[in-house]
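Working notes for the structure below.
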Amino acid sequence: GDLSLAVHDGLRIPSLVAMYFLVFFVVDATAFCVGFVRGLREQAANWPEATLDLFEAQTGIPRAHLDNWVDLQFIALRTRSVTHLIYYPFIVISLLLLSRSAVFDRWTMPVSTIVLSVGGAVVALGCALALRLAAEASRRHALDLVKDALMRANAKAPAAPGEATPRQLELLQSRIESLRMGAFAPFWQQPLDKAVLLPFATLGGSTLLDYLALANI
């Protein structure tokens with residue numbers, strides 16, 4: 001009826017405003033995280049002695065080579081929290097699509113709403129990509145330092161007490177290369193893939209319900 005149509009049209013703008021508030025909340029969190037990751041890479045971190053003692057006991061590698069490994073562990077844990085924010089804009093977009101399904105009524109989706117929804121999704125995807133690029137830049141920086149240390153260790157005589165052996169540096173290099181947590185995880189293991197599939201699953205599911213309704217099932 002007229003009341004439903006008025007509510008339908010009246011809620012379209014507020015729902016888009018709320019969606020973009022959420023999108024830019026994710027953008028803000030991502031921008032801060034990217035800046036932090038970049039700063040951690042460009043400025044030497046001053047980790048507490050207790051932290052270095054813990055990682056030295058875990059790895060057996062002298063602490064002189066552990067700063068970047070601790071940095072990467074911290075980045076992985078921090079970005080794991082931020083990458084999960086990518087779900088929220090896509091959940092809202094999915095609900096927006098579901099609410100306009102013909103299962104409920106003969107709703108229409110204006111072109112402007114579609115364009116704005118796609119734009120929000122693209123911005124969210126850009127955030128995930130920026131975070132991944134920043135994390136990978138830190139990984140490459142750490143690998144370069146380990147490789148330089150490995151070359152120096154191979155050029156020297158047997159390592160002195162307190163110095164890392166070539167074998168230890170090789171193992172550290174291997175662990176850095178195999179780090180798969182947070183933004184370091186492959187794209188197919190990140191929340192991004194699942195988030196992107198949500199609107200498509202919603203659209204496919206609502207379309208299926210439309211056909212079932214037409215067939216009186």
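For region 7-45, taking the residues that are in a loop (DSSP other than H, G, I, E, B) and touching a helix residue (DSSP H, G or I) at 6+ places or on another chain (Cβ under 9 Å), the one that is modelled with the highest pLDDT is identified as 45.
From the list 38, 12, pick out the single residue that is among the charged types (D, E, K, R) and surrounded by 15 or more Cβ atoms within 10 Å (Cβ to Cβ). Full working, then the answer.
Working: 38 fails: surrounded by 15 or more Cβ atoms within 10 Å (Cβ to Cβ).
Among 38, 12, only 12 is among the charged types (D, E, K, R) and surrounded by 15 or more Cβ atoms within 10 Å (Cβ to Cβ).
For residues that are of a type in the set (Gly, Ala, Ser) and more than 20 Å from residue 130 (Cα to Cα), scanning just region 164-182, find the one that is farthest from the chain's Cα centre (by Cα). Only one residue tops the list, namely 164. Could you please let me know if residue 26 is in contact (Cβ under 8 Å) with a residue 40 or more places away in the chain and out of contact with any strand residue (DSSP E or B) (no Cβ under 7 Å at 6 or more places or on another chain)? Answer is yes for this residue. Being at pLDDT below 70 and among the hydroxyl-bearing types (Ser, Thr, Tyr), is that true of even one residue in region 130-138? No - not one qualifying residue is present in region 130-138. Within region 19-33, the set of residues being open to solvent by 40 Å² or more (accessible area, probe 1.4 Å) and of a type in the set (Ser, Thr, Tyr) comprises 20 only.
Out of all the residues in region 60-82, is one or more within 25 Å of the chain's Cα centre (by Cα), open to solvent by less than 30 Å² (accessible area, probe 1.4 Å), over 30 Å from residue 144 (Cβ atoms) and at pLDDT 85 or above? No - not one qualifying residue is present in region 60-82.
Take residue 53 and tell me if it is open to solvent by 40 Å² or more (accessible area, probe 1.4 Å), within 20 Å of residue 182 (Cα to Cα) and either of a type in the set (D, E, K, R) or in contact with a Ser or Thr (Cβ under 6 Å, 6 or more places away or on another chain) (or both). Show your work before the answer.
Numbers: open to solvent by 40 Å² or more (accessible area, probe 1.4 Å): yes; within 20 Å of residue 182 (Cα to Cα): no; either of a type in the set (D, E, K, R) or in contact with a Ser or Thr (Cβ under 6 Å, 6 or more places away or on another chain) (or both): yes.
In short, no.
If the condition is being over 26 Å from residue 24 (Cβ atoms) and among the hydroxyl-bearing types (Ser, Thr, Tyr), then region 37-93 contributes 51, 59. Within region 46-67, the residues that satisfy the criterion of being outside any helix (DSSP H, G or I) and touching a residue at least 24 places away in the same chain (Cβ under 8 Å) are 60, 61, 62.
When residue 28 is tested against (1) within 29 Å of residue 124 (Cβ to Cβ); (2) of a type outside the set (Gly, Ala, Ser); (3) in contact with a His (Cβ under 8 Å, 6 or more places away or on another chain), only condition (3) is not met.
The values are calculated or read from the model by the stated rules, or taken from the named source; none is laboratory data. Here the structure is a predicted model, which is why all the values come from computation and not from measurement. Note: ideal-geometry Cβ built from the backbone for every residue, glycine included; neighbour counts use all protein chains shown. When the accessible area is computed, the model is the full protein with side chains, heavy atoms only, and any ligands, DNA or RNA have been set aside. Shrake-Rupley method; radii C 1.70, N 1.55, O 1.52, S 1.80 Å.
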